[in-house]
Amino acid sequence: MISIHKRLYNGITRLLKRSPSEPRPSSPSVSVPKDLADAHIIPRAQHPISRKHIHRYALKVLYRLKDGGYDSFLVGGGVRDLLLGMTPKDFDVATNAKPEQVDGLFRNCRLIGRRFRLAHIHFGRYIIEVATFRANKAAAEQVSDQGRILRDNHYGSLEEDAQRRDFTINALYYNIADYSLVDYCNGLADIEARLIRLIGDPEQRYQEDPVRMLRALRFSAKLDFDIEESTQAPIKQLGGLLKDIPPSRLYEETLKVFLTGHGSKSFILLEHYELLIYLFAPSCKLFHEDNYREFVLKALDNSDQRVNENKPVIPAFLFAVLLWPAVDKRRQPTEKEPNAYNALARAGADVNQAQGQCVHIPKRTAQTMREIWQLQLRLEQMPRGKRGKQTLHHQRFRAAFDFLMLRVTLEPELQTAVDYWQEQQKHMPAQPHPAEESPDDRPKPKRRFRRRRKPAKPSTP
């Protein structure tokens, strides 16, 4: 009975929240957008996208919006990947329904975002993002002095929404009403030509959101596409705009660049367009010294291989590799700090602090990264007996050992330590790779029971 009452309460609350001026359409029929007359329509018979390749939760959202009387389109990278024969990582939906109206259709909806209001439809851990068509009106935007859009919550038509997207290959719409493709920006032609092309003036679009420069390079590496000439021309000149992006947002973008199966190619492109300095300032200038570049590329190749084999990777290992050149140069003991462990810890702390100015590393990830670095000294010493067993059973041993094997590229004499630990591992039970560990595998704390207090004795008069 409690669940029924809760459902009734939530339903009444949603009805009360709905604005009277924006009623939900009563007719389930879908009106064809008026601006479709200006679009290039590709009928179902002329494109390869089938509903059997679209995630069932995405179809559920598309059909509920359609049945609710709204226009409903699959859009973005999901459509692009389906056209290329790839499996999309996620599916995004575009609609003329406003966020509050979407919220009224789905009990599992959460509205997020300040710069642009979005609806997230939750199916357990799987999320379908639903966005309302955006207006192509510069006057409606809140823009910083550098031209970056700070807030943009004005809604528009399907055609305006297409013009506001970043790249032509991401501006294709799959219409669930008749299963056709809608193309306003010649995105299909660019997919066939394997080109990354910005929509609109490249300088202006990069100034609106500098992260588009990273996205252009990421898509080029992921899809093996060329970047169109006018799209790539301003990147080196405008790279400094990335300094205005919050370090926490750059952390998420960095993970997308390096941990999605094309990190090695992305690193080479970032290097070519001189953007590494804005992501890894402490170590960027050292990549071309002492084989550090080879060390980094080898690590990224290994990560790419794990991703392509559907094996997990951990961000801490990525940052430990990319920041190691700076740590390695600073970790030598000095008269002021003669202890090697303390010198390494100090170097790691200084580099992490400097890194936070460009890309912020979360505390938990930073702690794991420091543990990988600290274990390097113990692995080099090859301890025996009790200390050796403690090292083998350390939570970060596998990650630290993989890191040690990579360091042989820089210091061939470490091969002796690698051989030693490989031999030691033969005599211990197999341990999971650090990226494969889950919170459920960790020992659970014992439940503590408190004694019940005795009731206070009544006071005697």
Modelling each spin label as a point 7 Å along the Cα-to-Cβ direction, I'd like the Glu335/Ala233 distance in nm, to one decimal. 5.8 nm
What is the local net charge at Phe287, summed over the other residues whose Cβ is closer than 11 Å to its Cβ (Lys, Arg +1; Asp, Glu -1)? -2
R0 of 41 Å, Cβ-Cβ distance Gln381-Arg306: FRET efficiency to nearest 0.05: 0.90
Holding the Cα-Cα limit at 27 Å, pick out from Lys60/Lys265; Lys265/Lys389; Lys66/Lys222; Lys66/Lys89; Lys222/Lys329 the pairs that are longer than that. Lys60/Lys265; Lys265/Lys389; Lys66/Lys222; Lys222/Lys329
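Any read-out appearing in this document is the output of simple, stated calculations on the displayed coordinates, not a laboratory observation. Treat the numbers as computed from the prediction; the structure is a model and nothing was measured. Note that each Cβ is placed from the backbone with ideal geometry, even for glycine, and that neighbours are counted across all protein chains shown.
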